[in-house]
Amino acid sequence: MLPKISIVTPVFNGGKTLEKNIQSVIAQNYDNVEHIIIDGGSTDNTLDIIRKYESHIAYWHSKPDGGALFAINEGIERATGDLVVQLMADDFYEPDTLRKIGQALIDHPDADIISCGGKIISYDAKTNQYVVKTTYQKNDLDLNFYNICLDVSAICCRFIRKSLYNKIGLYIPTDQQGRHLYSSDKEFLLRALVAHAKNVTIDYIGHNYLAHTGSMTFSSNRKVTARMYEEHMHFAEDYLANKPLTDEQRFVLKYWYLHQSARRAFYLLATGSFGKAFAVIKKDLPRFHIKWLAEFISAPFAFWLRKLSRKK
């Protein structure tokens, strides 16, 4: 028998995309699945869509929840599957994804995470088609410090054993100041790496991530981007100070801190937060010297390339 897969979908006013999300789960024809939808109190047609497909949904509710991470954590706690995965309300699966993931767990019963490839797509209203912006394949999904820190965490492509959540904990939704964390997925995967979690990546592009103007991941808000860099710097410092790491892992984390510090300074300057920017420069330029300066100088080019990629 194929293993049970729990799919957790947090949603708030996701009426434009949620139906395709639910339909893609139904179309898997995977009998041993539970779809859990945690709605944050939507005021659009989201609840109408949920009720339309209620017979295919194992559990749902609608009430204020404090944000997506709180909803995801609640969904994980309610999940009864062997594997638990996040499927955001904007996203959907390719056919046969769940069967391939389930079979991979049977083939690798000691795996803690089964990952599949994914596509970042956008919707072209003129052609009424989805356009592929970026594809993440097998090597991109290998679980290592380089991929998590310097590339993509791809948390929605990762089907995670419920037992791993029980072992290392859920996602951290807020920082010490009570602010919503944008990078909790990276921190969780770093935690999994330190706990020696075993990841198996299948050679299949199964997940579609829809990029749009309302997506936090593809936000053009420089203040949000600067906050994400700040979070990464704190993660790197914490893990370097408190976790048992290999020399290679330490090297990656030190470079990650340097890289994010320089970019944070650039984005703070770009948003007029001069005091915060100069505080970063004062702290880290003397520590890293020419390496920091080189990363800072390259930051505008990285910003330009990121902005250009959104226009494709």
Mean 1/r over distinct Cα pairs of the chain, inverted to a Kirkwood Rh in Å, yields 20.5 Å
Two pseudo-spin positions, 7 Å from Cα along C-beta at ALA125 and at ASP203, lie apart in nanometres by 4.1 nm
Quick calc: nm separation of the 7 Å Cα→Cβ label points for ASP142 and ASN242 -> 3.0 nm
Helix 274-288: inclination vs the chain longest Cα principal axis, degrees, rounded to 10, gives 80 degrees
Rounded to the nearest 10 degrees, the helix 68-78 long axis (Cα) sits at an angle to the longest Cα principal axis of the chain of 50 degrees
Note on the chain, DSSP bridge orientation, antiparallel percent to nearest 5 equals 40 percent
The answer for the per residue Cα convex hull volume of the stretch 222-310, in Å³, is 101 Å³
Note, SER273: beta-carbon cut-off 13 Å, +1 each Lys/Arg, -1 each Asp/Glu, net +4
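Report the local net charge at ILE26: Lys and Arg +1, Asp and Glu -1, summed over other residues whose C-beta lies under 13 Å from its C-beta.
Details: positive: LYS20, LYS52; negative: GLU19, ASP31, GLU34, GLU54.
With Lys, Arg at +1 and Asp, Glu at -1, the neighbours total -2.
Taking N as the number of residues in the stretch 130-222, what value does Rg over Cα atoms divided by 2.2 N^0.38 Å take? Could the numbers behind the result be given before it?
Details: Rg = 14.3 Å, N = 93, 2.2 N^0.38 = 12.3 Å.
Taking N as the residue count of the stretch 130-222, the ratio is 1.17.
Every number here is computed from the coordinates shown, using simple stated rules; none is lab data. Note that the structure is predicted; figures quoted are calculated from it, not measured. Glycine gets a Cβ as well: all are built from the backbone with ideal geometry, and neighbour counts include every protein chain shown.
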